[in-house]
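Just below is one structure, and these are the notes that go with it.
Each value in this text was obtained by applying a stated rule to the coordinates, not by laboratory testing. Values in this document were obtained by computation on a predicted structure and should not be read as measured data. Positions of Cβ are generated from backbone atoms using ideal geometry, with glycine treated the same way; all protein chains shown enter the neighbour counts.
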Amino acid sequence: MYSITINGKVETSTVNKTLLEFLRDDLGLTGTKDACASGQCGACSVLINGRVSNACLFKLEKLEGKEVLTIEGLSERQKEVYAYAFAETGAVQCGFCIPGMVLAAQGLINKKPDPSDSDVRKAIRGNICRCTGYVKIIEAIKLAAKLFRENLAIPENSASGKLGTDFHRVDAVEKTLGTGKYVDDIVVEGMLHASAVRTKYPRARVLAIDSSQALAHPDCEAVLTADDVPGNNKIGHLEFISDWDVMIRVGDITRYVGDAVALVVSKKKETLEEIKELVQVSYEELEPLTSPEQALAEGAPNIHEKGNILSHERLIRGDADEVIARSKHVVTQHYSVPINEHAFMEPECAIAMPEGENGLLLYTAGQSIYDEQREVARMLGVDKEQIHVQGKLVGGGFGGKEDMSVQHHAALAAWCLQKPVKVLFTRQESIMIHPKRHAMEMTFTTACDENGYLTAMKAVIVSDTGAYASLGGPVLQRACTHAAGPYKYQAIDIEGTAVYTNNPPAGAFRGFGVSQSAFSTESNLNILADKVGISPWEIRYRNAVAPGDSLPNGQIVSGNAALKECLEAVKEEYESAEFAGIASFYKNSGIGVGLPDVGRCIVSVEEGKIHLRTSAACIGQGMATVTTQVAVETLNVPADMIVAEAPDTRRTPDSGTTTASRQSLFTGEATRRACQQLRYELDMGRTLDDLEGQEFYGEYSAKTDPLINDKKHPVSHAGYGYAAEVVTLKADGKLEKIVAAYDMGQVVNPKAAEGQIEGGIVMGMGYALTEKFDMTNGYVDAKYGTLGLTRAVDVPPIEIKLVQAKDIHEGLAYGIKGVGELATIPTAPAIAGAYFSMDKQLRPVLPLADTPYQKKKKK
């Protein structure tokens, strides 16, 4: 028997488990989050005898007689202070790391009531955040300390909630205090636990599966294989390319180490792994293809029936070869960027259970409940209406939760057994299985005249799309459509190929292919500027598009574009620094290229409140707050009259996937249109009581042109955001400061916008300097602690400038443009430019070589 005082109450256990397991599974104290279970991330931070500690590292036997404080055990005053401070500063995005941050803050404030910025950074150095960039979290902790220290009353937030005001996020309090429910926080009566047996080899033929020993285990409920899939054994985020096996059949060949060959269902979570070990699988090991070069080689075996090329793109305007031949200056350079891991704080989790006579209810944390509904229904061979999907809080996505990972397996087990089933990835499973950022090999040629005006560019891009399609095709498209950057040319010629390999699949990741091609284009511009004898700032400014110009793809730049204004905003910082790098780039809002792209919203009046019903997933960006502020702006009512509902296929219309920086614009415009109808009724003198039970429907659909077309000025995307970033270096080569100017149109919520940009910048900083995804011959060697994620002590000062065009309201949704993806694109090339300015050495590979951020190898 182990006895521990937790939040002032003595609790006992007969099992020597980890404190984290005891808190969550036995006591239901789910404010302490399970993110890595290896002491690397800090999401499970608690106070043990007043000292900040990771609950995942301590077994109960080590805690006999000690006192543990969790987020739930804070006093009411402490809860009020932290809830206010984190909401007021905009320190909450996905929220999964925040309770751990709060406990780390409390441990610091107990010792230092008036902490410095440096004190706070050190105090949270063990706590990772992938959303915020830490800037707003540091501000929140210092504000909380001030409120405690001076015994101040909690101020009222006077923000109206209209566009442009620092309105508190609608979910800030529940995320700060750990009361909001992520899927793994939910327990359903009679719930079983399932986990997949994964292949031992990246590429191997499955010869036989023997589950007899596993089925003999007293806790084993079932072992399912591909033969138990009642519908289609292939899934895929894109409906027209479903090539990902639910499970690999006997006789078929695995494609990467994340492939499932069997699904074990246990009565107890604790015995899942030992049951999985009892499933005997026989293989014929085959040599994997671990690079596009191998996969494209003559005689290479086909990874998929159609071959090893997923997609091929060619974007041509004018005769690039001819223009390059008569240009004054030409640069040709090869660039290499690696596979990159999202490392969102919440590992994937789903719960499925029977509903009604022939239905299934699925709790999910993905990026589109309707995509999941479609894929699950197809797998089970049933009508979509039989699958009821509810979206819960999502602990970060960044594109990595667009593909199904656990949802289909939970649904399959629940359907076959007619019992509730939870599937939860360990952090290592998450790292191994879900799609990554594409590794790319890129050769870019950029040319200009004697005055530095760009003339033409050519690019050849080869992407490693891994074992399955995922979103590899659209990512390649976006890498190609944006490869030339937001600059003016006479001609372009861009060719891209996405190649299947036996590596983990690559799919959507913040930046969506543009992070890769931007690194190449921006680096070439720095070399060209040197050849011309002008500054890297000047070559960008001379060539930057402005309203009325043509983008490289031919689309006319709209009146609400402010790229030149972004460059002007960072000019002084760039020119006053001894060593500085600059990058400017752009990113589309909306899926575009002729594909269906629709935002939808139902506004209903229920019990005197105005309900906003949209399926747009919040993956940290604050979608419910965006729709709330759009509604307040349109209806001119107090924000407390608004209820933004969570995604639910029975209640909320299909608003499309949270991807392509599209939701603020598309669903924001749909919300505006629905609210306008309600506003008309209110302006006509009707009251909410009169309108009780009525619904108002809003929809916005973008009309765009296919990538390949004959139009001189096609509309490729509904809109674009623009940005410019300057990175300055200290004399020792460490980053001194990052100044970023962003044109995101009408800013919905300034602090939230700054926080999202700061988070994108820090993610880009990791991509540039430290992040690695180690693999050997198709096997994943990477672990959470070796990913090279950026911590609070590593982040330099960041200054955000929100820039707007004069014609800001040209466009939809009051002129709102998305910024989520754009925020991570310019940073890596700006950092590379800073080092180029210091030593004139081109660093064409990420992460950048020869910087103080590279760990020195032991001799």
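Can you give me the pair-distance distribution of segment 317-449, C-alpha pairs, 5 Å bins, whole percents?
Calculated over all Cα pairs of segment 317-449, the distribution is 2, 10, 16, 15, 11, 9, 6, 5, 6, 6, 6, 4, 2, 1, 0 percent.
Over the Cα atoms, compute the radius of gyration (one decimal) and Dmax (the largest Cα-Cα distance, rounded to a whole number) for the chain, in Å.
Cα-based Rg and Dmax for the chain come out at 26.5, 83 Å.
Using 1/(1 + (r/R0)^6) with R0 = 51 angstrom and r between the beta carbons of Asn777 and Arg651, what's the FRET efficiency to the nearest 0.05?
0.60
Could you derive backbone 3J(HN,Hα) for segment 772-779 from the dihedral phi with the Karplus parameters 6.51, -1.76 and 1.60 (θ = phi - 60°), listing whole Hz in sequence and x where the residue is Gly or Pro?
Values, residue by residue: 9, 10, 6, 9, 9, 6, x, 8 Hz.
What GluC sites (Glu not before Pro) does segment 767-828 have in DSSP loop regions with at most 15 other beta carbons within 10 Å?
The qualifying sites are Glu810.
Could you tell me how far the Cα centroid of segment 27-86 sits from the Cα centroid of segment 574-595, in Å?
The distance from the Cα centre of segment 574-595 to that of segment 27-86 comes to 40 Å.
Before anything else, pin down the relative contact order of the chain: Cα pairs under 8 Å, at least 6 apart, normalised by residue count, whole percent.
Across the chain, relative contact order equals 14 percent.
Can you give the convex hull volume per residue for the Cα atoms of segment 91-246, as a whole number of Å³?
Taking only Cα atoms, segment 91-246 has a hull volume of 263 Å³ per residue.
Once you have all Cα-Cα distances for segment 304-378, histogram them in 10 Å bins from zero and send the whole-percent values.
P(r) for segment 304-378, in whole percents per bin: 11, 20, 23, 19, 14, 9, 4, 0.
Quick query: amide H of Ala617 versus all other amide H atoms, modeled in the peptide plane; which residues come in under 5 Å with a sequence gap of 5 or more or a different chain?
Result for Ala617 returns Thr658.
Please turn the phi angles of segment 270-283 into ³J(HN,Hα) values with the Karplus equation 6.51 cos²θ - 1.76 cosθ + 1.60 (θ = phi - 60°), one per residue in order, whole Hz, x for glycine and proline.
Values per residue, Gly and Pro as x: 5, 9, 4, 5, 5, 5, 4, 5, 7, 7, 9, 10, 9, 10 Hz.
Using amide H atoms built 1.01 Å from N in the peptide plane, name the residues 5+ places from Val389, or on other chains, whose amide H lies under 5 Å from its own.
Placed amide hydrogens put Leu362, Thr649, Arg650 under 5 Å from Val389.
Between the alpha-carbon centers of segment 497-551 and segment 1-22, tell me the distance in whole angstrom.
Comparing the Cα centres of segment 497-551 and segment 1-22, I get a distance of 54 Å.
Take every Cα pair under 8 Å in segment 524-668 that's 6+ residues apart, average their separations, divide by the length, and report that relative contact order as a whole percent. Before the final figure, lay out each step's value.
On the way: 187 pairs, mean separation 31.7, N = 145.
Once normalised by length, the contact order is 22 percent.
Mind jotting down the distance between the C-alpha centroids of segment 645-667 and segment 413-447, whole Å?
Using only Cα atoms to place each centre, the spacing works out to 22 Å.
Give me the percent relative contact order of segment 598-701, please, defined on Cα pairs under 8 angstrom at least 6 residues apart. Spell out each step's value before the answer.
Numbers: 209 pairs, mean separation 45.6, N = 104.
It comes to 44 percent, rounded to a whole number.
Mind pulling up the Rg/Rh value for segment 224-370? Radius of gyration and Kirkwood radius, both on Cα.
Checking Rg against Rh, the ratio lands at 1.08.
P(r) of segment 1-180 in 5 Å steps, Cα pairs, percent per bin?
Histogramming segment 1-180 at 5 Å steps yields 1, 9, 18, 21, 20, 14, 9, 5, 2, 1, 0, 0 percent.
Within 10 Å of each candidate Cβ there may be at most 11 other Cβ atoms; applying that plus a DSSP loop requirement, which GluC sites (Glu not before Pro) in segment 34-91 survive?
Within segment 34-91, the qualifying GluC sites (Glu not before Pro) (loop, at most 11 other Cβ atoms within 10 Å) are Glu64.
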